[in-house]
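Participant: Got a structure here, written out as structure tokens. Questions coming.
The values are calculated or read from the model by the stated rules, or taken from the named source; none is laboratory data. The model shown is predicted, which means the values in this text are computed figures rather than measured ones. Note: ideal-geometry Cβ built from the backbone for every residue, glycine included; neighbour counts use all protein chains shown.
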Amino acid sequence: MTESRARRWRRSLRVLLVAAAGPTLVVGALTAAPARAAAADGIRINEVVTTGSVNDSVELYNQGTATVDISGWILKDDNDSSKYAIASGTTLAPGGFAAFDVHSSFGLGSDDEARLYLADGTTLVDSFGWTQHSDPSWSRCPDGSGSFGQAAVTLGAANACGSGGVSATAWPGGSAVATADTKNAFGSDMSGLYQEGSVMWAAQNSGRLWRLVPNGSTAWKADTANGWTSGKALRFPGGSGTPDDEGVTLTGAGSAGGVYVSSERNADSSGTSRLSVLKYDVSGTATTISASAEWNLTSDLPAVGANLGLEGITWVPDATLTAAGFKDASTGTAYDPNTYGSHAGGVFFVGVEGTGMIYGYVLEDGGTFTRVASVGSGMAGVMELQWEPQASRLWAVCDDTCSGQHRTLGIDSSGVFATTAIHNRPTGMDDFNNEGFAVSGSDACSGGTKPVWWSDDSNDNGHALRRGTLTC
């Protein structure tokens, strides 16, 4: 997503202010179990702030699969006479956050408790107690299901506690980064990447898909065969509209089984969100191709700005998920692909720029879909997702909003994705507006490292593609 330098500066400043507090996990300050059995669908106390500029605030999170009306529900501290009633008409969508400033009703002290009740004021939904002030925030990690720890304030958004105290480390590969394209070959707006052997697929959010082929051993160029010379224009099903395509991925069938693109809106109606996954048959020679299928996820996801929607997409095989004990959030039990109709043999994970959330979907061939995961990335935004099968890890990538931070996630013992590592960008790469990231396969390993690739949405210094290395 291309944006003005001023907007990027404001976003970066916001993230720096949040990050300044630093994610620090404090152990032994809790006075109650962090999660009680809920009396309503998946609503949890997710963050509490007792000091600072937003003191006396409580955030709720919906880890369930349905929107919940929380009108009239009651927030209390450790005093039963203290009551804050949530306003009428308040609902919380799946994966959604809602923060409430309760200071007009009661204060949250250094040794206190936050409790959530149904509107009857007696049915307890969730509670959390502590024995010292937040520094600056008490935050669950992962959102909704994890333990509380000290972290940066992220009221109304995914928590930034580093998944249980994981600290950022140096890039796990070489520090050097070099350009990987001819100057001004692609221009701006280059976003998602996916490497398929000797082919690189690239989504350009002006509604264009590129098929790139090697240009020597360290760079890429446009394929000049079969109408790919200038990329191919994408359209929604039926040939209308221009998808603002941001991410691209393949299934186990490779490009012969279709290329899947994530789009955040119709560029011909740019003020309206249209959070979609689109499938394209790329076997022909036409220079304009219409989607053969669309899964419009807009109604199932929390509202975001029209230009802050689906940025990244990747596919994880069913067999990998079941072997790891992945839990289906729609059922609360182990994921069983056989309960779904014909689908692509795996789960598609999409990343949202505006919230930093990652969602997993089973996309059935008939156009229906089921959300099976909602994961907080811990970052201000997700610009790219990549599943690395050789290491069984999910890469979540942020652009210059987060100073080029990369996170890896794996399935933990409870069956959900959780952060396993946080990596700073290579020291040899400036803080570019990188919205695409691709990891080479194990067959590319040489001398203990393999290539990785980034796409720079801003085409800084005239280059949209760059190359680095990752330890095998």
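Participant: Among all residue pairs at least 6 apart or on different chains, which show Cβ distances below 7 Å where the first residue, located in region 252-268, is assigned by TED's automatic domain parsing to the domain that holds Ala344 and the second is crowded, with 24+ Cβ neighbours inside 10 Å and outside any strand (DSSP E or B)?
Facilitator: The qualifying pairs are Glu264/Gly309; Arg265/Gly309; Ala267/Gly207.
Participant: Can you pull out the residues in region 200-220 that are crowded, with 19+ Cβ neighbours inside 10 Å and assigned to a strand (DSSP E or B)?
Facilitator: Met200, Trp201, Ala202, Ala203, Gln204, Arg208, Leu209, Trp210, Arg211, Leu212, Trp220
Participant: Still on this structure, I have one more. Taking region 311-330 as the region of interest, how many residues are outside any loop (DSSP other than H, G, I, E, B), crowded, with 22+ Cβ neighbours inside 10 Å and either at pLDDT below 95 or not aliphatic (A, V, I, L, M) (or both)?
Facilitator: Count: 4.
Participant: Moving on. Mind checking which residues of region 378-422 are touching a Lys or Arg at 6+ places or on another chain (Cβ under 8 Å) and among the polar types (S, T, N, Q)?
Facilitator: Thr401, Ser403, Gln405, Thr408, Ser414, Thr419, Thr420, listed by residue number.
Participant: Are there any pairs with C-beta distances below 9 angstrom linking a residue in region 336-357 that is surrounded by fewer than 19 Cβ atoms within 10 Å (Cβ to Cβ) to a residue that is among the charged types (D, E, K, R) and assigned to a loop (DSSP other than H, G, I, E, B), with the two at least 6 apart or on different chains, and if so which?
Facilitator: Short answer, once both residue conditions are applied: Gly341/Asp365; Ser342/Asp365.
Participant: Something else now. Determine whether region 73-82 contains at least one residue that is under 15 Å from Leu118 (Cβ atoms), touching a residue at least 12 places away in the same chain (Cβ under 8 Å) and buried (at least 23 other Cβ atoms within 10 Å of the Cβ).
Facilitator: Within region 73-82, one or more residues are under 15 Å from Leu118 (Cβ atoms), touching a residue at least 12 places away in the same chain (Cβ under 8 Å) and buried (at least 23 other Cβ atoms within 10 Å of the Cβ).
Participant: I would also like to ask the following. Of the residues that sit in region 79-110 and are over 32 Å from the mean Cα position of the chain (by Cα) and among the polar types (S, T, N, Q), which one is farthest from Gly360 (Cα to Cα)?
Facilitator: For region 79-110, the residue satisfying everything is Ser81.
Participant: If a residue counts only when it is under 23 Å from Thr420 (Cβ atoms), at pLDDT below 95 and in the same structural domain as Ala40 (by TED's automatic domain parsing), which strands (runs of 3 or more DSSP E) contained entirely in region 97-182 have at least 2 such residues?
Facilitator: Working: elements: 97-101, 112-117, 124-130, 137-141, 147-151.
Per the criteria, 137-141, 147-151.
Participant: When you look at Gly247, is it modelled with pLDDT under 95 and either in a loop (DSSP other than H, G, I, E, B) or of a type outside the set (S, T, N, Q) (or both), yes or no?
Facilitator: no
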